[in-house]
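The values are calculated or read from the model by the stated rules, or taken from the named source; none is laboratory data. Values in this document were obtained by computation on a predicted structure and should not be read as measured data. Heads up, the Cβs are rebuilt from the backbone with ideal geometry, glycines too, and the neighbour counts pull from every protein chain shown.
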Amino acid sequence: MPKFELTYKPFGEHAILIEWPSEISEEVLSNIVGFKNKIEEDINLQDIIVGYNSLVLVSEYKIEEVNEKMYSLNELYKQPLKTETQKTTHWEIPVCYDQQFGVDLEYISKTNAMAIEEIIRLHTEPIYTVYFVGFLPGFLYLGGLNERIAIPRKSTPRMRVPKGSVAIGGNQTGIYPDESSGGWNIIGNSPISFFDVKKDSPCFAKTGDTISFKPVSFEKYKKIENLNTVKND
């Protein structure tokens, strides 16, 4: 596995930030996950937070001699990484793209000069990679969006984005797991639950998993909503 030039920084008194090159790529993601697995095997931490190109290592206690800790981490990074322990799952997510849900489809259509049907086709065509879960509990940040349907986030965020909204922000796509404010462009809605605090694994997907979107009719959407199920391979 290729090695990258990492940077290490104190992140408050209880955490260390490790950063990879600023790019969204599966090669960087694989390296991040491999190092995360290695750290979990060798170091006892309160939490490890994954980002597109970063890890935040959170300690229960104040980190003393932080420079020595960062040096030790870099020495650990030079050792073989634990990529073989990462088991991933592919998830198929139903989405209704009816315009009652896809309230920004017409705007994207005009801005990007393409038919709404083409936007939907290009959105459902890729296999997306889950880079990390954040912003809201269960919010999946997905890589792999076709650049033809990329569109900037709204300059003024909405105060209320409905639960299950599937949206595009820049060159990313994601699903709002719960009602919240948000500035991404909404193109549809999924009827399944993305976060349930009562479950052992509140968010069914994890970093490294893959996602595909399956368009469904409003009638099918309502049936799935009633069942509240998610299909996985």
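Filtering region 5-56 to residues that are under 21 Å from T129 (Cα atoms), at pLDDT 90 or above and either surrounded by fewer than 16 Cβ atoms within 10 Å (Cβ to Cβ) or aromatic (F, W, Y) (or both) leaves W20, P21, F35. Of the residues examined, I186 is one that is at pLDDT 95 or above and either in contact with a Cys (Cβ under 6 Å, 6 or more places away or on another chain) or more than 19 Å from T129 (Cα to Cα) (or both).
Do we find that T173 is touching a strand residue (DSSP E or B) at 6+ places or on another chain (Cβ under 8 Å), within 22 Å of L55 (Cβ to Cβ) and buried (at least 19 other Cβ atoms within 10 Å of the Cβ) in this structure? It is false that T173 is touching a strand residue (DSSP E or B) at 6+ places or on another chain (Cβ under 8 Å), within 22 Å of L55 (Cβ to Cβ) and buried (at least 19 other Cβ atoms within 10 Å of the Cβ).
Within the set N67, N53, the sole residue that is without any contact (Cβ under 8 Å) to a residue 24 or more places away in the chain and outside the structural domain of Y141 (by TED's automatic domain parsing) turns out to be N67.
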